[in-house]
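Participant: Below is a structure I'd like to ask you about.
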Amino acid sequence: MKITLQRTSPNYRQKLSTHRIMRDLTIGLLVIVAYSLYNLYYNYSSNEPMMAAALIYLVSVGVGLVTEVVWALIHKENIVEQLKNSFPWVTSIIFALTLPIGTPLYVVAIGSFISIFLGKLVFGGFGSNIFNPALVGRVIVHLSFGDKLLPYIEAMKPITSGGFDITTAATPAAALAGTNWMGGEAFQYTLMDLFLGNHGGTLGETCIWIILLVGIFLAVRKVFDARIPVAYMGTVLVLSAVYAAACGLDIATYPFMQLCMGGIVFGAVIMATDPVTSPTSPLGKILFGIGLGFLTMIIRLKANYPEGVLFSILMMNMLTPWIDSLVLGRTNQKIGKQVLSIVLSLVVAMGCVFGIAEGVKADIAAAKAKEEADRIKKEEAEKKKAEEEANSFNWRVLEVVDGGYIMETYGYGGEDKPMKIEVKVSQDTVTSVKVLESAGETEYYGAEIIKGTNVASEKGKAFYDKFLTGEFKTSEIDGVDTQTGATLTTKGIVNAIKGAIVMSQMEREVNGDTYIYTISEVGYTQDKPMKIKVTVDKASATVKSVEILESAGETEYYGAEVIKGTNVASEKGKAFHDQFLAKEFAFDAIDGVDTQTGATMTTKGIVSAIKKAIAATK
């Protein structure tokens, strides 16, 4: 079967030779190469990065030349003529400029071979390829060796720019993509950093200003038609401005930041302008450039890959014959229709980007809402945990002594080896704390905190100095940091102190195994606490009765009704009264009780009083 390609490479109307065009292009590429090497020399304190880049260029060009020579030998072509008319160094240099500094040399060699062989020679050689050859190699190595394409080498010793390490920092496109393309404090680069190339990236990505100068030179020399790069970069600026306006970003700088990051400028000037793979008519070139800008922005904003230049050029290369088929006849006629087609293309692109921006804003709003919900949930969980810890009385009274109590609490040794601690309290002051027994606490940690040495940690020494050597106010024990290097030990000491304070604040009457406590507890109103009488039986581990002696601060129809046992507040309130205020119950019945009764503060106060009475009795 015979396959005939209807479209051949374009013919220039100007009196330019292919060799002169490729000579000028080679000069422009060598200028970019020279600046990329200088940029690496300037930005790093060692020569390794510059040498690594030079090797990438040499390997790429060398493999390209060898591939062409082998092809000529196989097909029995004149080697000199093959090289002279195929210009393999141009493709190899362009391919090398698309690589980052940390690309292994074997990947460079593979990519250069693919660029020359699969990207150009198999299609019939120079002028017959349907894709930009360098991009064929670049995309294949990207898909095959993506994890090897690193923007740094191990030997790099960077000079910082703008207060951050330009070696280890993410490339600008990756950094901005990480912020949903919104920027902000997380994006460290300035517009000047991007323009001057003070950042990591591909070798041709850090030469923006020099590429623009080379582009002007090549356009003046008629090496390419300026319509494509102008349409490409102009579309990126317009669409970036739409995105910025929709998202509330700085419309004056954001579009230029999008333009200067990644490979847009290099792709627009060097790769998209390839006359073999781009449309031939002026209108086709403009539409081609608009399509490039549109696809680049779509890929950047919505795809997983934070760079869209490579794929956008390859996709538009495929559409080049179709674009040419749409633009037939003389292009200096029907100017109105041509302008309309350009405007419609831009309007469609702007509408798509605007829709993406609205979607991004919705996603960001949803993420913030979720973050806020998670924060509230976390705060509620921490608050609940703090309340549970505050109401879990992990202590018991062993003995009442003059001015205080001997308390038993659990530290590192747990229930098998509890601590015995003497705590003396006088009104609102803890006058002394002495650890009498602490066999379960570990040497160099809990044991050293108890001794007051500095072996455990500075925090442990500070805890000892504050709570084990002198007087302190009872309020100072609330919220104390127990993360001292011996957390369990310090928590046990704190629990003993809190228990002694609780004991000092309530009246106790002992009659055999029966203990009667009168406890003041805050309910709904801070300045009008409840007075609660709790009678417990130690032998049977039961609470015999709970009597509310005073409750002036509890609200009518809510807390007051829970205390009375009526059903005004809620069914839960009535159930709470019936279980804990109307009959006796076992000690463990109060554990984990639901205090959300419609009068939460009141029931929490009653539960706290009951738990204190139980802890004081065990």
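Participant: Could you run the Karplus curve 6.51 cos²θ - 1.76 cosθ + 1.60 with θ = phi - 60° over region 197-208 and give me ³J(HN,Hα) per residue in whole Hz, x for Gly and Pro?
Facilitator: x, 7, 6, x, x, 6, 4, x, 8, 9, 10, 3
Participant: In region 520-618, what is the volume of the convex hull around the alpha carbon atoms, normalised per residue and reported in Å³?
Facilitator: Per-residue hull volume (Cα only) is 76 Å³.
Participant: Counting other C-beta atoms within 10 Å, which of CYS247, CYS207, CYS260 has the fewest, and how do the rest follow?
Facilitator: Lowest count first: CYS247, CYS260, CYS207.
Participant: Mind jotting down a quarter of the surface of the convex hull over the alpha carbons of region 228-342, in square nanometres, one decimal?
Facilitator: 7.4 nm²
Participant: Here is a follow-up. Non-local amide H neighbours of MET407 (under 5 Å, H modeled in plane, Pro and chain starts lacking H): which ones?
Facilitator: LEU398, ILE421, GLU422, VAL423
Participant: A follow-up question, please. Test of understanding: express the Cα radius of gyration of region 284-382 as a ratio to 2.2 N^0.38 Å, with N the residue count.
Facilitator: 1.64
Participant: Pull up all non-local amide H partners of THR429: gap of 5 or more, or a different chain, and H-to-H distance under 5 Å with H placed in the peptide plane.
Facilitator: Here the answer is THR474, since their amide H atoms fall under 5 Å of that of THR429.
Participant: Around SER545, which amide H atoms from residues at least 5 apart in sequence, or from another chain, sit under 5 Å from its own amide H, with H modelled in the peptide plane?
Facilitator: Close amide H contacts, sequence-distant or interchain: THR535.
Participant: Based only on other Cβ atoms within 10 Å, what is the fewest-to-most ordering of HIS75, HIS199?
Facilitator: Ordered by Cβ neighbours within 10 Å, fewest first: HIS75, HIS199.
Participant: Let me know the shape class of region 394-504, please: from the alpha-carbon gyration tensor, a ≥ b ≥ c as square roots of the eigenvalues, rounded when a/c is under 1.5, otherwise prolate if a/b is greater than b/c, or oblate.
Facilitator: oblate
Participant: Kindly put LYS76, LYS222 in sequence by how many other C-beta atoms sit within 10 Å of each C-beta, fewest to most.
Facilitator: Taking fewest neighbouring Cβ atoms as first place, the list is LYS76, LYS222.
Participant: Angle between the Cα long axis of helix 282-302 and the longest principal axis of the chain, 0 to 90 degrees, nearest 10?
Facilitator: 20 degrees
Participant: Just the number, please: Stokes-Einstein D of region 72-126 in µm²/s, Kirkwood Rh from C-alpha pairs, 20 °C, 1.002 mPa s.
Facilitator: 177 µm²/s
Participant: Enter the angle in degrees (range 0 to 90, nearest 10) between the Cα long axis of helix 335-391 and the first principal axis of the Cα atoms of the chain, meaning the one along which they spread out most.
Facilitator: 20 degrees
Participant: Further question on the same structure: For the chain, what is Rg from Cα atoms divided by 2.2 N^0.38 Å, rounded to two decimals?
Facilitator: Computed over Cα atoms of the chain, the ratio equals 1.56.
Participant: Helix 600-617 versus the longest principal axis of the chain: what angle, 0 to 90°, nearest 10, using Cα atoms?
Facilitator: With rounding to tens, the tilt is 60 degrees.
Participant: In addition: Provide Rg and Dmax in Å for region 14-157, with only Cα atoms included in the calculation.
Facilitator: Taking only Cα atoms of region 14-157, I get Rg and Dmax of 15.8, 50 Å.
Participant: What are the ³J(HN,Hα) couplings of region 508-522, residue after residue, when phi is run through the Karplus curve with 6.51, -1.76, 1.60 and θ = phi - 60°? Round to Hz, x for glycine and proline.
Facilitator: 9, 10, 10, 9, x, 8, 9, 10, 10, 10, 10, 10, 8, 9, 6
Participant: Let me ask something else about it. How large is ³J(HN,Hα), in whole Hz, for each residue of region 220-228 in order, when computed from phi with the Karplus curve 6.51 cos²θ - 1.76 cosθ + 1.60 and θ = phi - 60°, using x for Gly and Pro?
Facilitator: Going residue by residue, I get 5, 7, 6, 5, 9, 8, 5, 4, 5 Hz, with x marking Gly and Pro.
Participant: Limiting things to C-alpha atoms, what are the Rg and the maximum Cα-Cα separation (Dmax) for region 460-601, in angstroms?
Facilitator: Expressed in Å, the Cα Rg and Dmax of region 460-601 come to 18.3, 54.
Participant: Summing -39500 (n - 2.57) over the DSSP H runs of n ≥ 4 in the chain and dividing by its residue number, what mean residue ellipticity at 222 nm do you reach, to the nearest 500 deg cm²/dmol?
Facilitator: -16500 deg cm²/dmol
Participant: Mind giving me the FRET efficiency for GLU382 and SER432? R0 is 41 Å, r the Cβ-Cβ distance, nearest 0.05 is fine.
Facilitator: Plugging the Cβ-Cβ distance into 1/(1 + (r/R0)^6) gives 0.80.
A short reminder: the numbers here are calculations on the coordinates, not readings from a lab. The model shown is predicted, which means the values in this text are computed figures rather than measured ones. Counting neighbours? That spans all protein chains shown, and the Cβs are built from the backbone with ideal geometry, glycine included.
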